[in-house]
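Engineer: Provided herewith is a single structure, encoded as structure tokens, for subsequent inquiry.
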Amino acid sequence: MCTLATTKIDNSWFLLKTRDPVPWMRIDDEIKLFDSDIDKAKKLIIQNPDPKQDGYYGGINEYGVAFVATFLPVAENQISYIRRPYVRLILDAQNARQALKLIKSFNPKIGGNFFIADKNDCFEIEGAPSEYFVKKINKPLAKTNHFLHLPYQNLQINIDGYRNWTETRLKTAQALIDKAKNIYDLENILKDRTNAKDKAAICMLKGDWDYNPPTASAFIFDTKNTLVYYCQGNPLEKKFKKYSFS
């Protein structure tokens, strides 16, 4: 369960995400460079240290193509981008349009809310087992754990407090991303504690809500400069570090 957002600053699309793992997920994260012979591009990917568990959460390649996502289950037999190495395949692309073509080729379809971008173009994607919604965007946008376009409902929505959590975070994130002007504003979105008393903060701490563990990591991709700002751990407790391909 995550908060995603995207905006264009200084002619670069930025993608950002918090990671709030559900109880059955491992919470340790690390950033890893993939540059083996089987990869068509160098890739920096945020992944579980054990790649056989849970998989990948987002990444950027040397061409500046970046991808972030949150799983949104609407069917029992749905495939998550987390459980399969889809991110690594998506990041074979040399631009966002190629990446979008790869995503559309997957069968079965991957499920969730996604952003895919390069320095020029950014797309929002909603994925369900039966269809995708895809739209090119030209303004700041946030997403959480419900669809804005597809007519399917998250299977978790009836959990007590869940609807308030996802809808309230969306309103907060959208208001903040609309005003973001620099990397520090983006980091502060991922640290935001608005509505914490109502168990609906973007950045969750231990004890906020028994159903959901605290925010385990946060990261930002800068597509023009091919940079990653990655916080391994809760961003209120740990600092963001900058990574590049050089």
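Every read-out reported here was derived from the displayed coordinates using simple, explicitly stated rules and does not represent laboratory data. Since we're looking at a predicted model, the values are computed, not measured. All Cβ positions, glycine included, derive from the backbone under ideal geometry; neighbour counts span all protein chains shown.
Engineer: So, R0 is 41 Å and r is the distance between the beta-carbons of Tyr243 and Gln153; what FRET efficiency does that work out to, to 0.05?
Structural biologist: The calculated FRET efficiency here is 0.65.
Engineer: If you don't mind, another one. What is the gain in length, in nm to one decimal, between Lys224 and Asn164 on full extension, counting 0.36 nm per residue of separation less the C-alpha to C-alpha distance?
Structural biologist: 18.1 nm
Engineer: Ok, one more. Taking θ as phi - 60°, what are the ³J(HN,Hα) couplings along segment 216-223 by the Karplus curve (6.51, -1.76, 1.60), each to the nearest whole Hz, with x for Gly and Pro?
Structural biologist: 9, 6, 7, 7, 9, 10, 9, 6
Engineer: If you don't mind, there's one more thing I want to ask. Cα convex hull of segment 147-245: how many Å³ per residue?
Structural biologist: Taking only Cα atoms, segment 147-245 has a hull volume of 129 Å³ per residue.
Engineer: Computed from these coordinates, which is volume of the Cα convex hull per residue in Å³: (i) 131; (ii) 222; (iii) 113?
Structural biologist: (iii)
Engineer: In a GNM of the chain with a 10 Å cut-off on Cα contacts, which of Asn77, Asn120, Asn195 has the highest mean-square fluctuation?
Structural biologist: Asn77
Engineer: Can I ask one more? Would you calculate a helix-derived [θ] at 222 nm for the chain, using -39,500 (n - 2.57) for each DSSP H run of n ≥ 4 and dividing by the full residue count, to the nearest 500?
Structural biologist: -5000 deg cm²/dmol
Engineer: So how do 205-212, 184-191, 32-39, 111-118 stack up, highest first, on mean other-Cβ count within 10 Å?
Structural biologist: Sorting 205-212, 184-191, 32-39, 111-118 by mean packing, highest first, produces 111-118, 184-191, 205-212, 32-39.
Engineer: Along the charge dipole of segment 4-243, pointing to its positive end and built from +1/-1 on Cβ of Lys, Arg, Asp and Glu, which listed residue (Ile27, Ala5, Cys231) has its Cα farthest out?
Structural biologist: Ala5
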